[in-house]
Amino acid sequence: MSVLVYIENWNGKFKKSTYELVSYGKRIAAGLGGELSIISIGNVDETELKKLGAYGAGKVLSANTDMALDDKAYAALIAEVANKSNASVVVMANNSTGKALAPRVAVKLNAGLVSGVNGLPLSYQPFVVSKKAFSGKSLLQAEITSGKKVITLSQNTAGVEEFPGDVTVEPVDVSAVSGSVKVLSSDVQTGTILLTEAEIVVSGGRGMRGPENWKPLEELAEVLGAATACSRPVSDEGWRPHHEHVGQTGKVIAPNLYFALGISGAIQHLAGVSSSKVIVAVNKDAEAPIFTAADYGIVGDLQEILPKMTEAFRKFKANA
Amino acid sequence: MNILVCISNVPDTTTRIKYSADMKEVDYSGVQWIINPWDELALTRAIELKEANPALVQKITVITAGRADVEATLRKALACGADDAIRVDAASGDSLYTASQLANAVKGDAYDVILCGIESSDYNNSAVGGMMAELLDYNSVSAVSSLNLDGNTIKVTREIDGGKQNIEVAGPVVLIVQKGIAINPRIPSMRGIMTARTKPLKVVPATDVIPASRVVSYEAPPAKSACKMIAPDHIEELVNLLHNEARVI
């Protein structure tokens, strides 16, 4: 009853979400009374791989390859490793990569798949997990009835736990692996905080009134060490890039603190942010639906309030 | 080139979700059904490509798995501009069950591109497209936000965590699409609605497949406690609450 966790890397480095995934796998392995193995695909050096030991990794299988993400080839490799390590549960992140690979791995293993699982399984025998459905309007409990199971974890729902211990790193033979996807060019954000990874997100809506008003919002984000985001109308209007759109059809995020500035809070928007631990809303309309989803609210004009907020947080940070 | 678009029939986004008394099922009475928003974008892009490359894209087929009541959604897709439709006469099941029904229905057919939305707005399981690709032994690319045809070459942009990649992939391929693939969903015209009535809609029987997961029960998300309002001239109170009460800064 062992567990295999697939992890990705960003230019050879792991992130907090990687450690969450590894320690999540460790706790599931403990629940099942089995071992945990990790499969890493890509160029990651031994020092970085060994960091996983602190989160309970035990054994890391490293498929060191330059090959870009290729759904078919990567899934075949993960399934092969899952079979070799006798994994009964395979765990991935519920992000772009996990969504690409988990369904293919599930078919290869003849396993049931539940995506976007919230936290640890509710029971192991039967294997029951909880997840959101209807874009956050409902929660459901699902039982995976097949012998093997694949799940993807909703980020920031399990938390990072430390399990200090020894870790061994073993290479995986990748000589037979080949992809058919040709990468022509790539455009990767550098230096900015990843929206899906950020603990604090500052997000603007149509109430910001125009792209020229974003500077104060960016200043607030900078003071808080936050990522910036926006609502759908804002990205549709081209005020902000599409990758900043959070909501049902954009990115689904779960930061510790979410600022909804000039966002009315349509149901489609809430679907993307309702997992935030704390929501602060600022809107000039006291009746805006965002206030039913928010923990703290301010009714007023953003152009006045935003600079005051930045100043207040700056003062707080300076004294912290 | 033939394009297959997989359609899921889902409750309208603004539907209030109701449950059976034992919380084991969703009560769908009175629900307005729509084409899953991501599938609608996939269909829109397929139609755009056919209109832009009439010599290249011969046919757009839409497929769904479900009972006869989902045919209204297929007819809507035909009215938008798809050429023909397939309904696999299957009950609802888990992702593996649905993907198997769709894959079995089209196995052996010559589709160069199969488009699936990245998730459905009901179960949000993000699984059917990737599973179909594996069942058919096709390549797949997920999180596709742009699709262009350069002759028979398929060029796509896929979103990755923190960026994007422009890639080229050979067909047959399953493209799992998200926001950006098309901007404004196609709305059926009156003429489209008229011609849709006579477009072919084939019903194929379900195949024997055992689901690998099931829903045990539903619950409503926990209610949020009331929003604490802060006066606009007391911003330091917000800082204080976030630090001492919510403990998030």
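Pairing residues of the stretch B:229-243 that are without any contact (Cβ under 8 Å) to a residue 40 or more places away in the chain with residues that are in a helix (DSSP H, G or I) and among the β-branched types (V, I, T), at Cβ distances under 9 Å and at least 6 apart in sequence or on separate chains, gives B:P232/A:I305; B:I235/A:I305. If you check A:D285 against the conditions, is it at negative phi and modelled with pLDDT of 95 or more? Judged against the criteria, A:D285 is a match. A:S37 passes every criterion in (1) in contact (Cβ under 8 Å) with a residue 40 or more places away in the chain; (2) under 25 Å from A:L195 (Cα atoms); (3) assigned to a strand (DSSP E or B); (4) more than 14 Å from every other protein chain (Cβ to nearest Cβ) apart from (2). Screening A:V60 against (1) assigned to a helix (DSSP H, G or I); (2) hydrophobic (A, V, I, L, M, F, W, C); (3) more than 14 Å from chain B (Cβ to nearest Cβ) leaves a single unmet condition, (1). Only residues that are assigned to a loop (DSSP other than H, G, I, E, B) and over 19 Å from the mean Cα position of the chain (by Cα) were counted across the stretch B:29-56, and they come to 6. Residues being in contact with a Gly (Cβ under 7 Å, 6 or more places away or on another chain), buried (at least 19 other Cβ atoms within 10 Å of the Cβ) and at the interface with chain A (Cβ under 10 Å from one of its Cβ atoms) are entirely absent from the stretch B:234-245.
Each residue in the stretch B:14-30 was checked for being exposed (fewer than 10 other Cβ atoms within 10 Å of the Cβ) and either under 25 Å from A:T249 (Cβ atoms) or not aliphatic (A, V, I, L, M) (or both), and 3 pass. For the stretch B:215-232, residues that are farther than 26 Å from A:S130 by Cβ and either within 29 Å of the chain's Cα centre (by Cα) or more than 7 Å from chain A (Cβ to nearest Cβ) (or both) total 1. Would you check which residues across the stretch B:60-93 are surrounded by fewer than 24 Cβ atoms within 10 Å (Cβ to Cβ), assigned to a loop (DSSP other than H, G, I, E, B) and not polar (S, T, N, Q) and list them? Listed by number, the residues that qualify are B:G66, B:R67, B:G81, B:D83, B:A90, B:A91, B:G93. Taken over the stretch A:70-122, residues that are not β-branched (V, I, T) and not in a helix (DSSP H, G or I) amount to 20. In the stretch B:173-182 there is no residue matching the filter, namely being outside any loop (DSSP other than H, G, I, E, B) and either free of Cβ contacts under 8 Å to residues at least 40 places away in the same chain or surrounded by fewer than 17 Cβ atoms within 10 Å (Cβ to Cβ) (or both).
Across the stretch A:109-120, the qualifying residues are those that are in contact with a helix residue (DSSP H, G or I) (Cβ under 8 Å, 6 or more places away or on another chain) and surrounded by 19 or more Cβ atoms within 10 Å (Cβ to Cβ), and the one among them that is farthest from A:G136 (Cα to Cα) is A:L109. If you take the residues of the stretch A:121-155 that are touching a helix residue (DSSP H, G or I) at 6+ places or on another chain (Cβ under 7 Å) and modelled with pLDDT under 95, which of them is farthest from the other protein chains (Cβ to nearest Cβ)? Result: A:Q155. Only strands (runs of 3 or more DSSP E) whose full extent lies in the stretch A:244-320 are considered here, and the ones with at least 1 residues that are at the interface with another protein chain (Cβ under 9 Å from one of its Cβ atoms), farther than 22 Å from A:N94 by Cα and not β-branched (V, I, T) are A:278-283, A:296-299.
The values are calculated or read from the model by the stated rules, or taken from the named source; none is laboratory data. For clarity, every value in this text was computed on a predicted model and none was experimentally measured. Cβ atoms come from the backbone with ideal geometry, glycine included; neighbour counts cover every protein chain shown.
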